[in-house]
Structures are given as C-alpha cells and as structure tokens.
1. Mind listing just one residue for me: the one in the stretch 124-137 that is assigned to a helix (DSSP H, G or I) and farther than 14 Å from Arg152 by Cβ and, of those, farthest from the chain's Cα centre (by Cα)?
2. Output yes when any residue across the stretch 84-91 is free of Cβ contacts under 8 Å to residues at least 60 places away in the same chain and either exposed (fewer than 14 other Cβ atoms within 10 Å of the Cβ) or hydrophobic (A, V, I, L, M, F, W, C) (or both), and no when none is.
3. Quick one: would you say Lys222 is over 27 Å from the mean Cα position of the chain (by Cα) and part of a loop (DSSP other than H, G, I, E, B)?
4. Working only within the stretch 566-614, note down all residues that are more than 27 Å from the chain's Cα centre (by Cα) and closer than 18 Å to Gln514 by Cβ.
5. Please go through the stretch 1-30 and pick out each residue that is of a type in the set (Asp, Glu) and out of contact with any Asp or Glu (no Cβ under 9 Å at 6 or more places or on another chain).
6. Can you tell me how many residues in the stretch 365-393 are without any contact (Cβ under 8 Å) to a residue 40 or more places away in the chain, more than 31 Å from the chain's Cα centre (by Cα) and surrounded by 14 or more Cβ atoms within 10 Å (Cβ to Cβ)?
7. I'm checking my understanding of the structure. Among residues of the stretch 204-250 that are aliphatic (A, V, I, L, M) and within 22 Å of Arg90 (Cβ to Cβ), which one is modelled with the lowest pLDDT?
8. Looking at Ser47, Ser70, which one is touching a Leu at 6+ places or on another chain (Cβ under 9 Å) and under 17 Å from Thr253 (Cβ atoms)?
Amino acid sequence: MGISDEDIRKVREASDIVSVFSDRIPLRQKGRTFWCCCPFHEERSPSCQIDPATQLFYCFGCHEGGDVFSYIMKSEDIDFPDAVRKLADRAGIEIHETGRNAASRSYKARLKEVCKESCEFYHLQLMRGKSSEADAARAYLSGRGLGGSVPRSWQLGFAPGRKALYSHLSSKGYSVKEMVDANVVTRYEGKPPQDRFFNRIMFPIFDDQGDCIAFGGRVVGKGEPKYLNSQETPLFHKSSVLYGLDRAKSAMTSTGVALVVEGYTDVIALHEAGMTNAVATLGTALTRQHIRILSRHAGKKIVYLFDGDEAGQRAADRALGFIDQTMNPEPGRKRIDLCACTLPDNLDPADFVGKYGIDALRAQLDAAPSLISYGIERRLAAYDLNSAESRALAFRDALQVLAPIKDSLVAQDYAVQIASRLHVREDEALARLAALQPPEPDPDDSEGRFGAQPAAYAQAGGADQWGAQAQEPVQVQLSDAERSRRRFEMEFIGLCGRYPQIAMIQADALACTQWHVPLFAQIAERMLDILAERPDADSTELIGLLNTEFPQSARAFVESHVGSKDPATYAAFLVEELALGDLSDQIDSYREMLHHPEGMDPEFYDNLFKSVTAMQKQLAERSALHARTPL
C-alpha cells in the first residue's frame, strides 16, 4: 500500500478513539468508558461502548467492534490505507507513500485542493457578495426554503464568473492546468482561461469521504442549461458519485434503507426535514454502479423516488432495466430490495414535504412496492383493461417485466397474479413466461442457475469461439453487419482495458450498451466493479484481474488496437457506433411489431408507428453526423 509502519503508528497514536467518535456522535461517559447509539445499526438506547484505555469500541447490539482504523473503515466504507490517510489528514500528519500510485495520488490531492478552495470562494460570494446577482441567488434559495443555516451547512455558493475564480486561484498559486483538470476553469485554443461557472448558485459535490470533487450550478434567473454539472475529471465520475452520500451513508447503515431522488434541492430539503438517508444522481439516470455503491451501505433496500412529471416517469421506465437475478429470494444469493415510488399531484419530494409534511412522505415510502410490482403496474396502467384486445397487449407487455427473472419462483408467482388480473389461464401465463427470451448470463451467478450459456460468435474471416462456458461449440454464420458490430464491441472493451481512465469516462456506455456478445457484457460489468473498488488501477492490474476471471478476455485486449488514433476520440467514436446500433435494433424490434398488428389497439399502433418514424429520423441524422466525424 506504500504507507510505512512508522507512519501508521504515528497516525494511530494521534487518533484518540473517543475524540474520533465524538466528531460525529454524541457520547455519554459512564465511569471510565463512553457510550453512544451504535452508528452501524438503528437503536434508541446506547449499546456501543468506547474504551479509552484499550482504544477499542464494541457494540453489544450488533457486535461490531474494533480500533479507530476499523471504525473509519466501517463507517466510511473504505479500505485500510484510505482510513490511515483520512485520520492522518485529521491529525495534520504528513505521510510519505511509495509505489506506482504515489504520484497519481499526489496530483489528485492537488486537484482536491483546487476544488476545496473553489468551494470556499463560491461560499464566500454567496454569503457576503454585494452584487445584484448574489442578492438574486440568496433570494432564490430563501424562496425555495433553503435559507437560514442551510447555505452554511451545505456549503452552498455563488459563482460570479468574469474570471473571478480564476484570479483567486491564481493568487493562491494554482496552475491553469490544475484549474482546467479540476474543471472549474475552461481554456480554449487561442483564448484566455475563463471561469466554467457564471451567475450560478453552486452546489459542491463531495465524495463519500467528504472531500469536494466537483460542482453543480443552477442558473440564477433565466438561462440554459438550467443545471450545469462538472464534466468528468480524474476526481469525478458521475456514474459512480451520488450527491449527499457523504452525509447519508451513516443513516443508510443504521436504517438499512437508501432513498434516491433526482435533484440537489430535494436531497437538502429531505435532510433538513430529518430524512437523512437521501441521495441524488448527478445529471444521469441511476446506474448499476450506483446500486452497487448504495447496497454496500443500505443492507435492506433502495427506494427510487420519482417525480410525478414527465421526466420523472421517463426515469421510472428506465429503472425497469435494473430488474435482475439479485431480486430473487433464493438463499445464499446477494440480494438488495429495489423499490420504487411516484409521488402524487406531479410533486417533487421537496414540494411534497412542504405541502404534506415529512410523515406523509414516510408513509409513501413505507408503502413503496418492489420495482417488479411497480413495473408491472405501470405497464398495465397504459392499457384499457376493459377491452379484450388491450388486455392481450397488456398481458404481453406486463409479462415482459419478468423476463430477467423468468426461471425463479417469484416470477411464476407474479405471472399468476398478472393472469388473474387479465382473465388469462394460469397454465397459459406460465407457458408464456417460460417462452420469454432468457436473460443474459449474470457474471455474479457462480452457480450458473440463471441465464443461457453463451454460444459461439463469429468474427470476420470465419466462425470463432467467444463463449466462455459453451461445452459444445456451435458455429454461427453472421452477417457482415453483425460481424462489424461484434468487432466494435471487442475494440471498445479492449480500449477500456488498456486505458482505465477512458473506462471511467465511458462508464455509462459500458453499463448501458446492449452487448451482442454475452462475454463482453460480463467483462464490462466486472470492469465497472473493479474500477469502483480500485479507481487508481492501471491497465496492467485491470487486465490481469479481468483475465483471471475471464480467460477469453485476453483475446479482446490483444486483438483490439488504436493504431495512430487518439484513444479518447476513438472511444467516443465506438460509443456512438454502438449506440447507433442499439437504436437500430430497437427500431427493428418495433417494426416487427408493426408487421403483426393482429389484435393490436389502433391507438397503440398509431403511437408505435409515430415512435418508429421519429426514431428513424433520429437515426438518420445521427448516422450522417457520425459519418462525418474524423478519427
């Protein structure tokens, strides 16, 4: 890890466990020991003992215990070296690290300093700025119920622009490169550096350890875009960062529940109202990487709270993609209950709490159905169930929600429930469930109980084997277009393996691509897991770990090549190529439905036809632009 035993000893000696606990939790002294409500489970009476003599803690309720490093590791969900670093920062001790990651850590630490200094500058402008723009920012926050102590507590700020931040950071000795890499300043060729954020209320974004790593800015008054987030940086990857997680993870751990909302102000409003387990995504839909992070803190369930407006409902539809085998209640399987809830009256969480109170919101969340039930009800609600033709379409649509878990008992139970609602025979429902297209293999399914075994996949020049688990090779003759598609997939996987920074930047594409080669889907999933756990992993470490689990992956990393192309540009090209392919596949699927209109509701048919027409236009426009994109 590169930290000497001597430095560890110094940090341990400087970190009194009672003092570290009392930084976050009120303590009560009884005799020579101290007591508090355990930070690792929910309780009303203190059962956690902290002993200053032994420098150990122990909870008599949940039986968690250990030294000061253990406490930081458990409460912050970090590894031992990071716990040492965090306590060293607290104690003001400089530790000297060695090894290949030392330089990288040093530069990232410098970028964090830039973000911290920027955060303090923005906050000062909000609290003491004399301009009319600053007055308008304060008035907006007050009107949203975010005045009083909220700006100070959440370190909210105001960005005046006009190179004010650039001048301030320059006076502190930071270089233009550091400002640009932290994405608080922009620089275009032939033009002087400029502040990235101008006339915006600033929401600092912290990592799960409480360090500022990025910003979100809401324009004051009119302007587009209304919200502007930091771009991807060496510190900030939006697909793996959640706003408010540094504050919410303790409540998630103690309650076992995580609440995901859609905006900064919703998170702040809920925390201020006492619901401190709320977080928000940052300009992106919830990703599987987000769910993995949340599941480490919330052991029971994640509730995804959607706004009632159109954008919230689109997010609700996208969330159905998270239904997978982890929702099955079979013993021994890692499982997290993913629930969903839409608020009534088209209200967002902040407005709902303002109108009805926090207890009403808690009642909504307590009654939140599983994502499976939520998805089925959304599908059924789209049809007139009084019509026999619509019921037939509703049955097919609702049953499709169960495809990823079709082999489980819970799927059979839901299928029977759907059949009962729609007056379909149970045996017919179970037969249709069994005939659904099977889900792709789950890379975490070590017992192989779910998903189809991968078959053979052809490359240019003939048939070839990609299937890691296929026992009897099946030669498949592929079209030229399909061979090209699979080649692009291999190039993208190989590129991400050899350039982990690109994998972090393109994490959403890795998670959302509809892979034609199941092995690549497994590699992409595992790659995201590794980089979430080891963001500093270099290409040698990343490829080595992937090749250990997926021996056939070596071929992708060996055969894919960048040549003279810029890796980042080539990655963007491949992402768009794959996205266009996914859009084309979706159009083909809808057109196939249009070719078989028997029993289809006329209104549904018309809407489907309009959707295909719009998608075809979008595909043509994007394809034309993509064809002109230089590599």
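The values are calculated or read from the model by the stated rules, or taken from the named source; none is laboratory data. Treat the numbers as computed from the prediction; the structure is a model and nothing was measured. With ideal geometry, Cβ positions are generated from the backbone for all residues, glycine too; neighbour counts draw on all protein chains shown.
1. Ser132
2. So far as the stretch 84-91 goes, no, none of its residues is free of Cβ contacts under 8 Å to residues at least 60 places away in the same chain and either exposed (fewer than 14 other Cβ atoms within 10 Å of the Cβ) or hydrophobic (A, V, I, L, M, F, W, C) (or both).
3. Numbers: over 27 Å from the mean Cα position of the chain (by Cα): yes; part of a loop (DSSP other than H, G, I, E, B): yes.
When the stated conditions are applied, Lys222 passes them.
4. The answer is Ile587, Asp588, Ser589, Tyr590, Arg591, Glu592, Met593, Ser611, Val612.
5. Result: Asp5, Glu6, Glu13, Asp16, Asp23.
6. Number of matching residues: 2.
7. Only one residue fits best here, namely Leu235.
8. Ser70
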